[in-house]
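Okay, so here's the structure we're looking at.
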Amino acid sequence: MSENPDLTNERASGTFETNAMAAVIYGSEKFAQRRREITEAISKIPEFQDSHPLVFMSREEKISEACRKLAVLSNYWNSLIDTSDEEEALHLYREVLGLEGHPLALHETMFIPSLIAQASDEQQEKWLGRAQRREIIGCYAQTEMGHGTNLRALETTATFDISTREFILNSPTITSLKWWPGALGKSANWSIVIANLIIKEHNYGPHPFMVQLRDEKSHEPLPGITVGDIGPKMAFNGADNGFLGFKNYRIPRENMLMRHSKVTSDGSYIKPPHAKIGYSSMVKVRSRMAMDQGLFLASALVIAVRYSAVRRQGYLEDKSREVKVLDYQTQQHRLFPSIARAYAFIFCGFETIRLYDQLLIDVQNGNTSGMADLHALTSGLKSVVTYQTGEGIEQARMACGGHGYSMASYISEIYGVAIGGCTYEGENMVMLLQLARYLVKSIEMIQNGKSRELGPMVAYLAENESEIDLNLGPNEYLKVFEYAARNQTWRATEKFQKLRNSGMSNEEAWNQASVELTRASRLHTRLYIMSTFINHVGSIVDQKVKGVLIDLLNVHVTYEVMDIGIYVQGLLSSNQMDLIRNQLYVSLETIRPNAVSLVDSFQISDMQLRSVLGRRDGNVYENLFKWAKSSPLNKTDVLPSVTQYLKPMMEKSKL
């Protein structure tokens with residue numbers, strides 16, 4: 001079947017090459033090309049196709065399907081990708097397995113990175129190669145039933161027995177059960193477990209331990225281990241998130257990961273060079289989250305924008321044919337700012353991953369000064385990006401009208417998976433408050449005359465206000481955001497200090513100021529996102545690509561400033577706000593011819609997208625009917641439930 005002519009015309013109106021834009025999105029022409037090559041190779045292997053649509057499968061069938069594909073994948077792994085390239089591996093997983101989860105998800109994103117970051121050279125020699133060859137399947141068990149973000153309140157213990165040189169793991173309460181780790185339920189046979197290190201009755205706090213959970217031959221849980229699946233979730237049901245408990249379970253002393261902290265054979269404890277160095281795996285995940293969430297948002301927007309270009313509803317000037325819904329300003333206002341955010345999030349992802357990689361090098365050289373800065377930054381990004389991604393995906397679903405509510409759109413599954421990011425790896429409000437502590441300390445440094453010691457990300461907090469000329473481009477909008485973030489951070493800090501100075505405890509004062517503090521954190525983070533977007537666009541060489549990204553950047557800066565109007569009332573006049581509003585509407589109109597090409601540039605295949613509405617060829621209606629007919633309910637014309645219950649009820653009513 002040929003391509004829907006509406007989409008053909010949309011693509012013809014684009015002013016840039018989508019392959020060139022993909023090279024910007026994915027960091028290089030080389031990797032963008034490799035993505036296309038991997039996608040093409042996978043499409044030619046029938047075993048990688050879904051045996052039937054995932055949305056019609058039970059949980060057990062989804063997990064079985066993922067395992068089947070992983071087994072097939074093991075036969076092609078070395079021929080499809082460079083196995084040492086993490087990005088190629090992640091793309092391969094996304095193509096073949098999609099986003100509903102699989103047994104190796106945590107193995108690749110948490111287990112192996114933790115071994116790299118926290119295991120000693122000797123421990124890596126023992127376990128890392130086995131993990132990379134997938135001889136063992138690992139997960140990362142930190143969160144407990146009763147405690148997640150608050151690491152200091154974790155209850156699982158690892159008590160050192162000096163006489164046997166072993167750690168004894170215990171789960172002392174029901175709330176201490178590990179709860180939520182992916183692949184833990186039924187798949188993983190090893191785990192990195194975060195437990196409180198106890199030596200001679202002294203608690204040294206949470207530390208990582210390499211723990212075997214199941215026999216490598218029989219896969220049965222080992223004695224002293226209680227493990228299983230936690231049940232169905234809002235989405236991500238191809239993953240077996242699990243629970244884990246210990247009862248006097250012994251592991252060798254050498255199974256504590258000892259790149260940073262160490263326990264000697266006589267029970268002496270050697271502390272790490274930086275108090276939060278053990279959080280490096282968590283920071284790694286948060287560093288990737290901006291990019292991953294940006295791709296979730298991109299997937300939903302590919303669906304919504306393509307569908308909006310083929311869906312016709314109502315009339316404008318031409319009364320001979322209904323208009324594309326993408327031509328309505330309301331639809332553009334709903335979708336285009338989210339396209340800008342998706343690009344911005346991905347560009348922020350590049351920058352935070354670069355900062356994380358540099359941090360690893362610095363830590364290995366004994367320099368841990370960047371740890372606090374990156375921890376604060378990724379805490380804020382994690383919260384703001386996941387929340388705004390959820391908002392954007394839901395707007396994309398509603399932009400698809402009634403069909404967006406159908407699982408045929410697949411947007412509900414994308415939303416369900418993405419929105420989990422608001423709570424995993426740190427609940428969003430807690431993350432904002434962690435960043436707020438960093439901001440308050442920065443204000444206190446300024447108050448104490450130490451402005452010169454501020455890091456580059458918070459230097460603006462010490463600057464004075466300047467005149468704003470909105471005709472000079474995005475950097476002027478950045479000044480507006482700096483004003484808003486600076487004023488709110490000072491206001492929130494001064495409120496906290498005033499409450500504390502009134503005699504309130506530090507904790508209660510913090511609690512009473514917490515809403516204002518979270519607002520400061522959001523503004524600071526959104527300022528960083530805007531700044532990174534501006535800098536990234538400024539570095540692009542391809543002029544056609546740069547031109548359309550400047551148009552997209554104009555959508556971003558005008559929309560974002562309009563969104564924080566309450567925080568800039570003392571800076572911008574009503575006439576200036578009207579100017580920004582009108583510039584936004586002009587920017588939406590400017591982006592319109594490139595809308596489909598901008599989402600095409602993400603180059604997300606139909607196989608990965610799994611959406612009838614978002615098909616690349618735009619042939620929605622024929623395939624929507626075909627999809628509906630494939631529902632298991634349509635295997636028979638009369639369901640057993642009708643025969644058993646409804647027919648007797650109707651017959652009885654006739655008497």
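The values are calculated or read from the model by the stated rules, or taken from the named source; none is laboratory data. Keep in mind the model is a prediction, meaning the values are calculated, not measured. Neighbour counts are summed over all protein chains in view; Cβ atoms, including those assigned to glycine, are modelled from backbone coordinates with ideal geometry. Heads up: the accessible areas ignore ligands, DNA and RNA and are worked out on the full protein's heavy atoms, side chains in. Shrake-Rupley method; radii C 1.70, N 1.55, O 1.52, S 1.80 Å.
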Any aspartates and glutamates whose Cα falls less than 17 Å from that of LYS495, other than same-chain ones fewer than 8 residues away, would be GLU444, GLU507, GLU508, GLU516
Quick query: amide H of CYS139 versus all other amide H atoms, modeled in the peptide plane; which residues come in under 5 Å with a sequence gap of 5 or more or a different chain? TRP190, SER191, ILE192
Quick one: accessible area per residue over the stretch 412-562, 1.4 Å probe, rounded to a whole number of Å²? 45
Please report the antiparallel percentage of the DSSP beta bridges confined to the stretch 135-272, to the nearest 5. 80
Out of the total accessible area of the stretch 393-436 (probe 1.4 Å, heavy atoms of protein only), what percent is carbon and sulfur? 64
Here, GLU589 and ARG68, labelled 7 Å along Cα→Cβ, have an inter-label distance in nm of 5.3
For the stretch 404-558, rounded, prolate or oblate, judged on the Cα gyration tensor with a ≥ b ≥ c (square roots of eigenvalues), a/c < 1.5 rounded, else prolate if a/b > b/c? oblate
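Please compare each pair in LYS186/LYS233; LYS126/LYS262; LYS271/LYS450; LYS217/LYS262 to a cut-off of 22 Å on the Cα-Cα distance and tell me which ones are over it.
LYS271/LYS450; LYS217/LYS262
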From the list (1) 76, 73, 64; (2) 88, 75, 63; (3) 77, 76, 57, can you say which value of Cα extents along the principal axes in Å was derived from the structure given? (2)
Cα shape, the stretch 539-655, gyration tensor, a/c 1.5 rule: oblate
Largest-first ranking of LEU355, LEU92 by accessible area, probe 1.4 Å, whole protein assembly kept, is LEU355, LEU92
What whole-number value in Å² describes the accessible area per residue of the stretch 135-272 for a 1.4 Å probe? 43
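For VAL325, what charge total do you get from the other residues with a beta carbon under 15 Å from its beta carbon, if Lys and Arg give +1 and Asp and Glu give -1?
Value of the local net charge: +3.
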Sort the stretch 216-358 into rounded, prolate or oblate with this rule: let a ≥ b ≥ c be the square roots of the eigenvalues of the Cα gyration tensor; rounded if a/c is under 1.5, and if a/c is not under 1.5, prolate when a/b is larger than b/c, oblate otherwise. oblate
So how do 4-15, 541-552 stack up, highest first, on mean other-Cβ count within 10 Å? 541-552, 4-15
Considering only protein heavy atoms and a probe of 1.4 Å, how much of the accessible area of the stretch 548-655 is carbon and sulfur, as a whole percent? 57
Tabulate in residue order the Karplus-calculated ³J(HN,Hα) for the stretch 429-439, using 6.51 cos²θ - 1.76 cosθ + 1.60 with θ = phi - 60°, rounded to whole Hz; enter x for Gly and Pro. 5, 5, 4, 4, 6, 5, 5, 4, 4, 5, 5
What lysines does LYS324 reach when the alpha-carbon gap must be under 28 Å and sequence neighbours fewer than 8 apart in one chain are set aside? LYS544, LYS546, LYS626, LYS629
Ratio Rg/Rh, restricted to the stretch 135-272 and using Cα atoms, in which Rh is the Kirkwood radius: 0.97
Probe 1.4 Å, all chains present, heavy atoms only: LEU633 accessible area in Å², nearest 10, is 110
The stretch 58-108, accessible area per residue, ligands and nucleic acids excluded (1.4 Å, Å²): 40
What FRET efficiency do you get for LYS319 and THR8 if R0 is 22 Å and r is their Cβ-Cβ distance, rounded to the nearest 0.05? 0.35
Peptides 580-589, 18-27, 506-515, 344-353: what's the order by average Cβ count within 10 Å, highest mean first? 344-353, 18-27, 580-589, 506-515
Work out the FRET efficiency for HIS333 and ASN75 from their Cβ-Cβ distance, taking R0 = 60 Å, and round it to the nearest 0.05. 0.80
Order by protection proxy (mean Cβ within 10 Å, highest first), peptides 111-119, 57-65: 111-119, 57-65
Assigned charges on the beta-carbon of Lys, Arg, Asp, Glu; the stretch 135-272 dipole about Cα centre (debye): 280
Averaging sequence separations of C-alpha pairs under 8 Å and six or more residues apart, then dividing by the length of the stretch 292-340, give the relative contact order as a whole percent. 34
Mean separation of Cα contacts under 8 Å, 6 or more apart, over the residue count of the stretch 135-272: relative contact order %: 27
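Tell me, what % of the accessible area of the stretch 164-226 is carbon and sulfur with a 1.4 angstrom probe?
53
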